[in-house]
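Bear in mind these aren't lab numbers, they're just calculated from the coordinates by the rules spelled out. All values reported here derive from a predicted model rather than from experimental measurement. Glycine also receives a Cβ, built like all others from the backbone with ideal geometry; neighbour counts cover every protein chain displayed.
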Amino acid sequence: MATEAATATESAAGSIEMELAAAPTREPQQGRSRASYERMIGAAEALLRERGSDDFTLLEVSKLGKVSIGSIYNRFASKDDLVRAVQSRVLVAVDQEQRDLIDVAEARAGNLDELVVLIVDGIAEVLLRHADLMRPMMWRAGIDPIVSAAGKRSYNEVAELVCGALLVHRSEILQPDPERAVASAYRIAYAAIARYLGFGSAPGTAAEGDWGVLKEDLGHMLAAFLRSRG
């Protein structure tokens, strides 16, 4: 399982990097240049969290990260490329955490119902932890095709893993088309969680309601759907 997870992680990172390959980012490997690069990324992340959007300038990144404008342009051709570099890191982290939780859920669950509840709760918590950076990225995806493509690839890869885990319990799924049913279940779960967290919405907006209730009810509803005869 560990070897498979490592291979999946490398594949996911590679896929995301391929989507973002159009960004002429020059990432250093060591020394002072590496430290300077990390400050650039860290400053951009901080501003994305603070503003809830990419409404900041490279001058602000320069001041917050204590790096010169010249150093920034030596690594990134534009602010767009800097934002894409942040997205790449976020997606790799989010995807790895979701892979880990799927492995844990599969090990702990004794049946389909338990697996669905564990996966819904786990994915919700991963997205909540990264919501302050995912939210502006989702908003930006509407205007940046590179960010959009990387986000879609990330979503599809995790969806495939979730559906594969659920289909291990195929005998418990009573829907006439199990593949379609698990794909729909994941799509509904993600959409409900994303709406609550305000993904794709204007900065500062998010759904109201009890987070725990949403996760619990969503897990039980989707499990009941998979066990019902269509």
The summed charge of the Glu172 Cβ neighbourhood (under 10 Å; Lys/Arg +1, Asp/Glu -1) stands at +1
Equivalent ellipsoid semi-axes - Cα gyration tensor, the range 27-76, angstrom:
19, 11, 8
Stokes-Einstein translational diffusion, the range 84-213 - Kirkwood Rh over all Cα pairs, 0.692 mPa s, 37 °C, in µm²/s:
213
